1. Failed condition for ALA47, given (1) in contact (Cβ under 8 Å) with a residue 24 or more places away in the chain; (2) loosely packed, with under 11 Cβ neighbours inside 10 Å, with all others met?
2. Anything in region 25-44 that is hydroxyl-bearing (Ser, Thr, Tyr) and either surrounded by 11 or more Cβ atoms within 10 Å (Cβ to Cβ) or within 12 Å of THR81 (Cβ to Cβ) (or both)? List them, or say none.
3. Would region 53-70 turn up any residue that is modelled with pLDDT under 90 and of a type outside the set (Val, Ile, Thr)?
4. Suppose we filter region 77-90 for residues that are loosely packed, with under 12 Cβ neighbours inside 10 Å and part of a helix (DSSP H, G or I); how many remain?
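The values are calculated or read from the model by the stated rules, or taken from the named source; none is laboratory data. All of these numbers come straight from a predicted model, not from anything done at the bench. Here the Cβ is made from the backbone with ideal geometry for all residues, glycine too, and neighbour counts use every protein chain on show.
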Amino acid sequence: MNTTNDTNNTNNTNSNKDSASNPVLDFCLNLGATLRYFWQSYVIRVAATSWKRCLAACFLALLLGAMLALPGLVFILVLTTLLVKCLVPQAVKAVEVIEQDGRE
């Protein structure tokens, strides 16, 4: 009887160890969920802004990027912002902004 109990305890310990002892996997899953959350928030915010405000923010970002010597990174950010602004449909924008902010 002791061997059966010892085997069951060993199996339970191994299964708990496999599911909880991989910090790299947990980190990657959390990082992926965080990046997806930030991307969705970014798309919703860009889609909800007016063209005038969006272009002003892009211009200011380009100036700041030139001052900080990061023109390539800022150019990619501005290009992404303008593509998102052009491609996200208008009907989806208002509904998602209202859902995210909790306004009615």
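1. Answer for ALA47: the failing condition is (2).
2. SER41, TYR42
3. The answer is no; no qualifying residue exists.
4. 5
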